[in-house]
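> Please find one structure pasted underneath; my questions will follow.
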């Protein structure tokens with residue numbers, strides 16, 4: 001008996017929305033052939049997200065709303081970007097089924113390790129009644145407590161690291177001086193996104209030193225299963241509460257990398273300044289409630305301050321996002337570093 005031929009992962013938008021390819025990818029999952037495909041929206045980024053409506057021959061009056069996520073139409077960068085796509089595929093195949101937190105359902109997750117390529121066909125969160133957040137939309141303290149509860153559920157699942165050695169620290173690229181030249185990074189920080197921030201917070205050399213200190217602190221701390229990119233734009237709201245999408249940067253490290261990045265992006269700076277300590281306590285309580293091992297508050301606060309440069313650096317290098325959103329996130333995280341005297345605490349000033 002011949003082995004079933006693997007389904008090739010498409011490299012273009014045209015290929016991935018072809019009904020014949022989708023039939024191969026979906027027919028076995030849904031128990032019927034694909035009758036028609038409608039493209040509803042194409043969102044371009046590091047990976048493309050293609051929102052589609054699919055009708056099947058056994059029930060042509062019903063539309064299945066799905067979202068394809070893959071590296072498309074970027075042949076020159078496909079192999080380099082494919083690594084992050086593969087990490088997300090591995091998350092949905094090996095980690096997501098064991099979590100109690102809300103993540104998008106993903107009936108199809110394909111990996112081609114030889115071609116360094118990955119693809120997911122997930123539920124369309126928006127079509128199913130959800131809405132994605134961003135730094136320009138309001139986020140209440142009650143929502144912050146709910147989203148921290150979701151992060152605590154993830155962190156309490158850290159025993160999963162034992163059987164998944166492919167989840168590494170993932171911080172080494174951030175501390176390589178040649179990854180993003182210092183002059184380029186300084187240019188990014190001086191492009192207007194940092195308007196009004198203190199001079200030392202806008203110093204690229206100090207930021208790199210802070211990131212290096214953050215990486216050392218994380219590597220020497222108890223290791224937690226991390227989302228790695230849980231800023232406000234990767235949070236979606238549903239009637240059942242918040243969920244987290246975009247798992248390309250899943251990693252292991254200090255718990256505060258997720259929490260500092262999250263708190264630094266979800267709330268206006270004046271609210272965060274007033275509420276961040278109480279919200280950290282909310283997280284610690286949730287972590288204990290879900291079976292994790294929370295540190296004492298003094299240790300937690302030190303961890304939090306060490307971790308703040310992580311998200312700030314990511315928004316310093318961000319380009320392919322609308323400028324008002326870049327500026328809002330960069331400002332919030334920069335102000336968090338300033339008000340908590342992070343560089344002073346790290347001995348950089």
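> Out of all the residues in region 248-270, which are over 23 Å from residue 327 (Cα atoms) and either surrounded by fewer than 24 Cβ atoms within 10 Å (Cβ to Cβ) or within 10 Å of the chain's Cα centre (by Cα) (or both)?
250, 251, 252
> Which numbered condition in (1) touching a helix residue (DSSP H, G or I) at 6+ places or on another chain (Cβ under 9 Å); (2) within 26 Å of residue 80 (Cα to Cα); (3) surrounded by 20 or more Cβ atoms within 10 Å (Cβ to Cβ) is the only one that residue 234 fails?
(1)
> Also, I was wondering about something else. Criterion first (surrounded by 14 or more Cβ atoms within 10 Å (Cβ to Cβ) and in the same structural domain as residue 147 (by TED's automatic domain parsing)) does residue 161 satisfy it?
Here the answer is yes, as residue 161 does meet what is asked.
> Now a separate question. Which condition breaks for residue 327 when tested against (1) part of a helix (DSSP H, G or I); (2) surrounded by 17 or more Cβ atoms within 10 Å (Cβ to Cβ); (3) in contact with a helix residue (DSSP H, G or I) (Cβ under 6 Å, 6 or more places away or on another chain)?
Exception for residue 327: condition (3).
> Could you list, in sequence order, all residues of region 1-23 that are more than 19 Å from residue 73 (Cα to Cα) and within 29 Å of the chain's Cα centre (by Cα)?
Passing the criteria: only 6.
> Next up: Filter region 157-185 down to residues that are within 13 Å of residue 314 (Cβ to Cβ) and assigned to a helix (DSSP H, G or I) and give me whichever is modelled with the highest pLDDT.
Going through the qualifying residues, I end up with 185.
> Report whether or not residue 202 is under 24 Å from residue 163 (Cα atoms), buried (at least 17 other Cβ atoms within 10 Å of the Cβ) and in contact with a helix residue (DSSP H, G or I) (Cβ under 8 Å, 6 or more places away or on another chain).
Here the answer is no, as residue 202 does not meet what is asked.
> Quick check: anything in region 216-226 within 30 Å of residue 10 (Cα to Cα) and either at pLDDT 95 or above or in contact with a helix residue (DSSP H, G or I) (Cβ under 9 Å, 6 or more places away or on another chain) (or both)?
The answer is yes, given that some residue of region 216-226 is within 30 Å of residue 10 (Cα to Cα) and either at pLDDT 95 or above or in contact with a helix residue (DSSP H, G or I) (Cβ under 9 Å, 6 or more places away or on another chain) (or both).
> Looking only at region 3-17, decide whether some residue is part of a loop (DSSP other than H, G, I, E, B), in contact with a helix residue (DSSP H, G or I) (Cβ under 9 Å, 6 or more places away or on another chain) and within 27 Å of residue 237 (Cα to Cα).
no
> Among the residues of region 26-43, which ones are in contact with a helix residue (DSSP H, G or I) (Cβ under 9 Å, 6 or more places away or on another chain) and not in a strand (DSSP E or B)?
Selection gives 32, 33.
> So, one more: Among the residues of region 44-92, which ones are part of a loop (DSSP other than H, G, I, E, B) and more than 18 Å from the chain's Cα centre (by Cα)?
57, 58, 72, 73, 74, 75, 76, 77 - these are the residues of region 44-92 that are part of a loop (DSSP other than H, G, I, E, B) and more than 18 Å from the chain's Cα centre (by Cα).
> Which one of 210, 215 is in a helix (DSSP H, G or I), within 21 Å of the chain's Cα centre (by Cα) and either at negative phi or free of Cβ contacts under 8 Å to residues at least 24 places away in the same chain (or both)?
Result: 215 is the single residue among 210, 215 that is in a helix (DSSP H, G or I), within 21 Å of the chain's Cα centre (by Cα) and either at negative phi or free of Cβ contacts under 8 Å to residues at least 24 places away in the same chain (or both).
> Could you tell me whether region 238-246 includes any residue that is buried (at least 21 other Cβ atoms within 10 Å of the Cβ) and in a loop (DSSP other than H, G, I, E, B)?
Yes - at least one qualifying residue is present in region 238-246.
> Within the group 135, 145, 115, which residue is under 17 Å from the mean Cα position of the chain (by Cα) and either at pLDDT below 95 or assigned by TED's automatic domain parsing to the domain that holds residue 261 (or both)?
135
The values are calculated or read from the model by the stated rules, or taken from the named source; none is laboratory data. Because the structure is predicted, anything quoted here is derived from the model rather than measured. Here Cβ is always computed from backbone atoms with ideal geometry, including for glycine, and neighbour counts include all displayed protein chains.
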